[in-house]
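The values are calculated or read from the model by the stated rules, or taken from the named source; none is laboratory data. These numbers were taken from a predicted model, which means no experiment stands behind them. Cβ placement follows ideal geometry from the backbone for every residue including glycine, while neighbour counts extend to all protein chains displayed.
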Amino acid sequence: MEQRRQLLKAMAAAGLLGPAGISGLISEALAKGEVPIRPGLNRVRGEVIVNHKLAKEGQLLQAGDTIVTGRDSEAIYVIGKDAFMQRELTTVNFGSDALQNLMRVVTGRILSVFGKGARTIQTSTATIGIRGTGCYIEDESKGAKSRTYFCLCYGSVELTPTAAPQESERYNTWHHDKPMYIHNDMKMAKMMVPAGVINHTDAELTLLESLVGRTPPFYGEGGKSY
């Protein structure tokens with residue numbers, strides 16, 4: 001109960017609760033202590049399309065689904081032990097075979113937290129194998145000029161650029177330690193280059209983890225926050 005109060009306080013301070021922030025199913029469930037929260041779409045803002053049909057809060061999601069957000073839109077949803085915050089103008093597909101644990105970020109921006117076990121994420125420039133992870137992705141699909149921003153917020157990853165698989169890296173992070181840009185431009189000396197922490201926050205990660213009954217590994221540790 002005390003942890004939930006502290007969590008709600010942190011979210012309110014970050015602007016995630018209240019009229020301009022999280023509303024509807026999420027705020028009600030958190031206030032009642034309903035964690036893990038119900039599966040499916042827990043927040044729909046603006047135009048959210050699932051499998052070519054307009055979606056609504058409470059709708060269940062499953063393997064094989066494609067989720068598309070329109071301009072000025074956002075979706076927050078739970079699938080199994082994983083939770084997602086999908087930004088505007090983003091298309092994400094979940095593999096039709098649930099055993100493959102495959103997620104395709106076709107284009108756009110998404111913040112994700114995953115439970116135990118291996119997952120594979122595909123973007124326009126990379127294959128990303130993760131385990132017990134929180135990560136943020138921005139994918140710009142522009143053919144030979146495609147670029148993906150990837151921040152392993154915490155967890156383990158094997159990151160393989162499509163254009164240069166020999167540059168594949170395995171690493172672990174605790175708190176946004178190694179953000180990267182992955183390119184698809186063969187004119188560049190390296191396909192993977194260091195980046196900064198952009199467009200996602202610790203409060204958002206904490207919110208997503210709370211929806212599946214967890215907290216980020218850095219929660220309550222102090223130190224720098226994003």
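Within the range 150-205, the residues that satisfy the criterion of being polar (S, T, N, Q), surrounded by fewer than 20 Cβ atoms within 10 Å (Cβ to Cβ) and touching a residue at least 40 places away in the same chain (Cβ under 8 Å) are Asn199, Thr201.
Ile76 satisfies every condition listed in (1) part of a strand (DSSP E or B); (2) modelled with pLDDT of 95 or more except (2).
Criterion applied to Leu89, Leu54, Leu61 was being at positive phi and surrounded by fewer than 22 Cβ atoms within 10 Å (Cβ to Cβ), and the one residue passing it is Leu89. In the range 95-105, the qualifying residues are those that are in a strand (DSSP E or B) and of a type outside the set (Lys, Arg), and the one that is surrounded by the fewest Cβ atoms within 10 Å (Cβ to Cβ) is Leu102. May I ask you to list the residues in the range 128-163 that are in contact with a strand residue (DSSP E or B) (Cβ under 8 Å, 6 or more places away or on another chain) and aliphatic (A, V, I, L, M)? Answer for the range 128-163, where residues must be in contact with a strand residue (DSSP E or B) (Cβ under 8 Å, 6 or more places away or on another chain) and aliphatic (A, V, I, L, M): Ile128, Ile130, Ile137, Leu152, Val157, Leu159, Ala163.
Going residue by residue through the range 63-71, is there one that turns out to be outside any loop (DSSP other than H, G, I, E, B), closer than 19 Å to Asn199 by Cβ and modelled with pLDDT under 95? Scanning the range 63-71 turns up no residue that is outside any loop (DSSP other than H, G, I, E, B), closer than 19 Å to Asn199 by Cβ and modelled with pLDDT under 95. Taking the conditions exactly as written (buried (at least 17 other Cβ atoms within 10 Å of the Cβ) and among the hydrophobic types (A, V, I, L, M, F, W, C)), does Ala126 satisfy them or not? Here the answer is yes, as Ala126 does meet what is asked. Per the listing Thr123, Thr127, Thr107, the residue uniquely out of contact with any Cys (no Cβ under 8 Å at 6 or more places or on another chain), among the polar types (S, T, N, Q) and farther than 26 Å from Thr201 by Cβ is Thr127. Using the structure shown, decide if Gly108 is within 20 Å of Ile182 (Cα to Cα) and buried (at least 16 other Cβ atoms within 10 Å of the Cβ). Considered against the rule, which asks whether it is within 20 Å of Ile182 (Cα to Cα) and buried (at least 16 other Cβ atoms within 10 Å of the Cβ), Gly108 comes out as yes.
Would you pick out the residues in the range 188-221 that are out of contact with any Gly (no Cβ under 8 Å at 6 or more places or on another chain), in a helix (DSSP H, G or I) and of a type outside the set (A, V, I, L, M, F, W, C)? Those that are out of contact with any Gly (no Cβ under 8 Å at 6 or more places or on another chain), in a helix (DSSP H, G or I) and of a type outside the set (A, V, I, L, M, F, W, C): Asp202, Glu204, Thr206, Ser210.
Filtered by the rule that a residue be surrounded by fewer than 21 Cβ atoms within 10 Å (Cβ to Cβ) and β-branched (Val, Ile, Thr), the range 64-77 gives a lone residue, Thr66. Of a type in the set (D, E, K, R), at pLDDT 90 or above and in a loop (DSSP other than H, G, I, E, B): does that describe Asp177? Yes: the conditions hold for Asp177. Residues that are closer than 18 Å to Lys190 by Cα, assigned to a strand (DSSP E or B) and in contact with a His (Cβ under 8 Å, 6 or more places away or on another chain) within the range 112-147 comprise just one, Arg147. Scoring Leu89 on the criteria (1) farther than 19 Å from His200 by Cα; (2) aliphatic (A, V, I, L, M); (3) at pLDDT 95 or above leaves a single failure, condition (1).
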